[in-house]
Amino acid sequence: MSLRSDATKSRALKCSSSTQKQSSKLFIPSFAIACVTVFPPLAMKLKRYDHRPKRPQSVSVLYLRYSSLSPSTSTSTFYFRSLPLVLKKKQEMGFSRKEYEFLSEIGLSSGNLGCFVNGTWKGSGPVVSTLNPANNQKIAEVSEASIQDYEEGMQACSEAAKIWMQVPAPKRGDIVRQIGDALRSKLQQLGRLVSLEMGKILPEGIGEVQEIIDMCDFAMGLSRQLNGSIIPSERPNHMMLEMWNPLGIVGVITAFNFPCAVLGWNACIALVCGNCVVWKGAPTTPLVTIAMTKLVAEVLEKNNLPGAIFTSFCGGAEIGEAIAKDRRINLVSFTGSSKVGVKVQQTVNERFGKCLLELSGNNAIIVMDDADIKLAVRSVLFAAVGTAGQRCTTCRRLLLHESIYRTVVDQLLDVYKQVKIGDPLEKGTLLGPLHTSSSRKNFEKGIEIIKSQGGKILTGGGIIESEGNFVQPTIVEISPDADVVKEELFAPVLYVMKFKTLKEAIEINNSVPQGLSSSIFTSKPEFIFKWIGPQGSDTGIVNVNIPTNGAEIGGAFGGEKATGGGREAGSDSWKQYMRRSTCTINYGSELPLAQGINFG
């Protein structure tokens, strides 16, 4: 190899010396570039002969006049002043930045193949760049999947399904346990990646990965409890029982706001239930998709199992449509907007497939006159500002009893003004950027619509001029009957409104098309049980004295109405990932018929 490298270097030097008179750029022929790719030592040798002048790094520092803690405020109170938000811009690729060095620890590089099919990495589709929403600078490039890649992956997955469904459920649970252990070993790195690529603050990024680890633990235990029922038969010498068997292949299409947690809700359960998983991650968070898949792939390889048990694709709508139409995929779990979810459901229904939808939310918090106001204000802050208002469980509507309305609003205005906005990876940041520049434009459009429908901006309402997608956390006083209140604006915008009675508050809560999460703050048992009862909240998640967001994995997650009706994660959600057979066994020699029918 050394002789080959020396010869190549010699040829490269000759080419360089013959062209330096004509150009200041070093000429390296294509064969030498190929050798650089294959032989890293040669790359170091060639690098020293590149005498091109280095461009100075361009660094710009932007100071944003925003908020700082006023000496007169308490630790729970915020006020707009002049905290500088420093955003540094370097004209260089992400991986040349020191703060991105951790990405190599989870198998990522400046150029990545974006689909894992039949145990190998490839990507013959478009090459896309993934951006840091805090500054809109490129982090890395990803080669997305093509339809040809998809078909190859599905063929291999179909064959792997025949093997995986025959593995005993407790053994499948042990594989999922090992996936959880692999995630634990890279918890900090994966959490930082989620924060970097999605834009949520670091504690939330780490918490999202921890949620998958928790799901792995839950699924491992579940693998020994996939129980059917024994049912008494009305006929002598007969036995009735239920058998639960794998569906085969489960497709999982996830969104940017929880780029890996929603995968965990679905994949951990689907795998222990004996299904192979086909995952299409969000197009704007491909590095999370790749890093997660690499860890899963390592566990499968370590256990001598087919890599096609877990197949993943980075790609756009073309891959999502293929999953929805594919008859080989027995269940499609889709997370996204109600508008797109309806189309996915229609497509899957046309082929009589099963569909599990987690769609839009328009969640309300009700604060009664007997509520612990301090507790309520803290909860509203997290529910409305957390993840920059980009959770499906974000609190978007705050219903306040008229007797405490002004007190609660004033306290909220104080705490909002103290929220630290900035780099989500920096300690102390509470509000990071919106995920994309399009999201910021939608925020601006939403504010204009709010104003046109009589909404009064109490605080915020503007964007923050910067390289990133930062906006101000916003509180709006508005009528519950305004059309804009019925829609989901995916940003930190909170609508506040008054009510007189619990009955009126419940009616307002239930008046929107969506039905994901809701919460009430009260200490009165009669209010609590009315709220959670048949004439109370019509959402899938009904809380008391806690925020609308931050659900635990032990309960079934999902909502009603335009939220889609699906249930993921805990409780008995596993039943959606299996097919149930009611089996009647005749172990006698007679043929008595049900309902006492005598047929001949």
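The values are calculated or read from the model by the stated rules, or taken from the named source; none is laboratory data. Source: prediction; values computed, not measured. Note: ideal-geometry Cβ built from the backbone for every residue, glycine included; neighbour counts use all protein chains shown. The accessibility values were calculated without ligands, DNA or RNA, using every heavy atom of the protein model including side chains. Shrake-Rupley method; radii C 1.70, N 1.55, O 1.52, S 1.80 Å.
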Applying 1/(1 + (r/R0)^6) with R0 = 35 Å to the Cβ-Cβ distance of Glu234 and Ile528, what FRET efficiency is obtained, to the nearest 0.05? 0.25
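Dividing the alpha-carbon Rg of segment 387-431 by 2.2 N^0.38 Å yields what?
Numbers: Rg = 13.4 Å, N = 45, 2.2 N^0.38 = 9.3 Å.
Ratio of Cα Rg to 2.2 N^0.38 Å: 1.44.
Quick one: compute the contact order of segment 264-384, relative version, from alpha carbon pairs under 8 angstrom and 6+ residues apart, as a percent.
Details: 108 pairs, mean separation 22.5, N = 121.
Taking the mean separation of contacting Cα pairs over the length of segment 264-384, I get 19 percent.
How high is the relative contact order of segment 178-228, in percent, counting Cα pairs under 8 Å that sit 6 or more residues apart? Could the numbers behind the result be given before it?
Working: 37 pairs, mean separation 19.2, N = 51.
Once normalised by length, the contact order is 38 percent.
Averaging sequence separations of C-alpha pairs under 8 Å and six or more residues apart, then dividing by the length of segment 482-547, give the relative contact order as a whole percent. Each step should come with its number before you reach the end.
Details: 55 pairs, mean separation 21.7, N = 66.
Contact order relative to length: 33 percent.
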Suppose every K and R has +1 on its Cβ and every D and E has -1 on its Cβ; what is the size of the dipole of segment 144-270 about the Cα centre, in Debye to the nearest 20? 440
In what sequence, largest accessible area first, do Ser438, Ser143 appear using a 1.4 Å probe? Ser438, Ser143
Could you sort Glu101, Glu151 by their accessible area in this structure, using a 1.4 Å probe and putting the largest first? Glu101, Glu151
Selection from Gly461, Val484, Phe499 lying farthest towards where the dipole of segment 460-499 points positive, charges on Cβ: Phe499
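Going highest first, how would you order 361-374, 584-597 by mean Cβ packing within 10 Å? Working shown, then result.
On the way: 361-374: 22.1, 584-597: 9.4.
With the highest mean Cβ count within 10 Å placed first, the list reads 361-374, 584-597.
List the GluC sites (Glu not before Pro) within segment 203-272 that DSSP assigns to loop and that have no more than 14 neighbouring Cβ atoms inside 10 Å.
On the way: sites: Glu204, Glu208, Glu211, Glu234, Glu242; in loops: Glu234.
The qualifying sites are Glu234.
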Per-residue HN-Hα couplings for segment 114-129 [Karplus 6.51, -1.76, 1.60; θ = phi - 60°; Hz; x = Gly/Pro]: x, 9, 10, 10, 6, x, 10, 9, 7, x, 9, x, x, 9, 10, 9
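Over its Cα atoms, what ratio of radius of gyration to 2.2 N^0.38 Å does segment 406-535 give?
Details: Rg = 16.7 Å, N = 130, 2.2 N^0.38 = 14.0 Å.
Ratio of Rg to 2.2 N^0.38 Å for segment 406-535: 1.19.
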Please list, in chain and number order, the residues 5+ apart from Leu356 or on another chain whose amide H is under 5 Å from its amide H, with Hs placed from the backbone. Val332, Ser333, Phe334
Using the per-residue mean of other Cβ atoms lying within 10 Å as a proxy for protection, in what order, highest first, do the peptides 397-403, 344-350 fall? 397-403, 344-350
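Based only on Cα atoms, what Rg/Rh ratio does segment 472-600 have, Rh being taken as Kirkwood's radius? Could you put the intermediate results ahead of the total?
Working: Rg = 22.6 Å, Rh = 18.5 Å.
Value, to two decimals: 1.23.
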